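Accompanying notes for the structure given below.
The values are calculated or read from the model by the stated rules, or taken from the named source; none is laboratory data. None of the values given here were measured: they were computed from a predicted structure. Positions of Cβ are backbone-derived with ideal geometry, glycine not excepted, and every protein chain shown enters the neighbour counts. All accessible areas refer to the heavy atoms of the entire protein, side chains included, with ligands and DNA or RNA removed. Shrake-Rupley method; radii C 1.70, N 1.55, O 1.52, S 1.80 Å.
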Amino acid sequence: MGDESLFMGGAWRGVRLWRQAALACGLLSSFAVHIASAADCPGHPNALGTSRTLVVDPREHPRIGTMQYPETLPLADHEVVLTFDDGPLPRNSNKVLDILAAECVKATFFTIGEQARNSPEGVRKLLAADHTIGTHTQTHPLSMNRMPIERAKQEIDDGIASTKAALGDNADALAPFFRIPGLLRAENVEDYLAEQGVQVWSADFLADDWRHISSARVYDLAISRLEAKGKGIFLLHDIQARTVAALPRILETLKARGYRIVHVVPATAERPATPTEPQEWLLHPSPEAIAHWPQVPNFVFADLGNLPVPARSDFEEAEETSTLLQTSFARPSWPQPPGLAPENTTVTLAAPAPSLFELQGGLDVARRGAALSRRARIASVAHDADTRRPSPREARRLANGRQGRFAHAGGRQARRAAANASSQNGPSVPAAHRGPVKRMVQVRKRRV
């Protein structure tokens, strides 16, 4: 089983490499076809040309166009598929055919049944120029998303019938390609088309050429949206005069910027579909879809055998040993600090002798010395105060201060005499009969 898986894995890797090589060869051959087509364009050696023809099976991919569906055509970068709706209308559709012929470009046209009935020669011109012909309903109703399914079926079937009638004997040349008017999709309509083997085409970008805008605006929208996508299905309308005016410049810009035109045709019994990878049908595939990281190989063992298994007795121990292990590992203890050696306990530090703290002469001598020191400091301060001369400014400030104090003292004495003279609380007492004046003297005790 392992050898088979390795063989199959190698085989699938070989197939993948072969398909990738085939795809690369296809791109190179497409480039060669592009050169040949441009060179073989009569009268226009520098024409844009058609780079390659892509064959698709409508039953394998029933819905394409990223404006509405997950899948689109499997195009390489800078590859464009031109599509035109609503024709044929001779006065404008014929001009579009002439412009495409001048550049040897092939496109896909989605015709309206009534237009094909009114101008069958326009449909036959499409076939003669080797363009692909699809259908676009019978009357171009902008209500396919809400009309009854029976009426929608009639629109689809009548449009196909009218286009086949215009082709006459070449009715088999009609491609099973269909585009819903206004891109107003409905699931029941899509299911019916898938049952008929008809592929529904949406688009990847458009130029709004059905609106009332200038041809310059059509060109600007076409190029800017194409540059944003990088590739894809381009939707235009061959019945519009503004499209006729913008188309030559659009094709010229595509050629100048390295874009290539791809022609799409349906697969038949004689013409099989072009080989593709599933991720190629996505406009911008995810990295997981395109990156193939090497897989880890499956190892194959010739003889597995049985590995030796230890006996149970190898893990059995004595009861005390188990208890010791359980105690030591289940309850870990914090390491204790080491104890001091017995001989270290008898060591004592040296103490100062009492004689170091004794005073010479006793305590009385120390006190007298302290008192003498204090009197010496006071005398020194007084001597400094007497010897210090005040500055002229300080002398004036001191003089003013003494006069103020004297004036304040004289006024206080006058006020006191007036108060005694005018007192009405009793008879005045002569100064001779007053008692002696007592003075309070604060005596400071001197500490010895």
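At-a-glance table
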quantity: Selection count where residues are of a type in the set (A, V, I, L, M, F, W, C) and within 14 Å of Y219 (Cβ to Cβ), scope region 246-285; calculated: 6
quantity: Qualifying residues in region 251-275 (those that are in a helix (DSSP H, G or I) and not hydroxyl-bearing (S, T, Y)) - the one most open to solvent (accessible area, probe 1.4 Å); calculated: E252
quantity: Residue tally, condition closer than 19 Å to D77 by Cα and either part of a strand (DSSP E or B) or open to solvent by less than 10 Å² (accessible area, probe 1.4 Å) (or both), over region 231-250; calculated: 5
quantity: Any hit, region 141-163, residues being in contact with a Gly (Cβ under 7 Å, 6 or more places away or on another chain) and β-branched (V, I, T); calculated: yes
quantity: L82 vs. criteria in contact (Cβ under 8 Å) with a residue 60 or more places away in the chain and either over 26 Å from H44 (Cα atoms) or over 46 Å from the mean Cα position of the chain (by Cα) (or both); calculated: no
quantity: Test set (1) over 19 Å from P58 (Cα atoms); (2) within 40 Å of the chain's Cα centre (by Cα); (3) hydrophobic (A, V, I, L, M, F, W, C) - A165 fails condition number; calculated: (2)
quantity: Residues that are within 30 Å of S224 (Cβ to Cβ) and open to solvent by 50 Å² or more (accessible area, probe 1.4 Å), drawn from region 183-212; calculated: L184, R185, W210, R211, H212
quantity: Verdict on A166 being crowded, with 17+ Cβ neighbours inside 10 Å and farther than 19 Å from L127 by Cα; calculated: no
quantity: Residue count for region 213-228, restricted to those that are open to solvent by 30 Å² or more (accessible area, probe 1.4 Å) and either within 23 Å of W281 (Cα to Cα) or touching a Ser or Thr at 6+ places or on another chain (Cβ under 6 Å) (or both); calculated: 4
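For (1) over 17 Å from V265 (Cα atoms); (2) outside any loop (DSSP other than H, G, I, E, B); (3) open to solvent by 10 Å² or more (accessible area, probe 1.4 Å), each residue gets a yes or a no:
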position: D77; (1), (2), (3): yes, no, yes
position: G87; (1), (2), (3): yes, no, no
position: K106; (1), (2), (3): no, no, yes
position: Q115; (1), (2), (3): yes, yes, yes
position: V123; (1), (2), (3): no, yes, no
position: H140; (1), (2), (3): yes, no, yes
position: M144; (1), (2), (3): yes, no, no
position: Q154; (1), (2), (3): yes, yes, yes
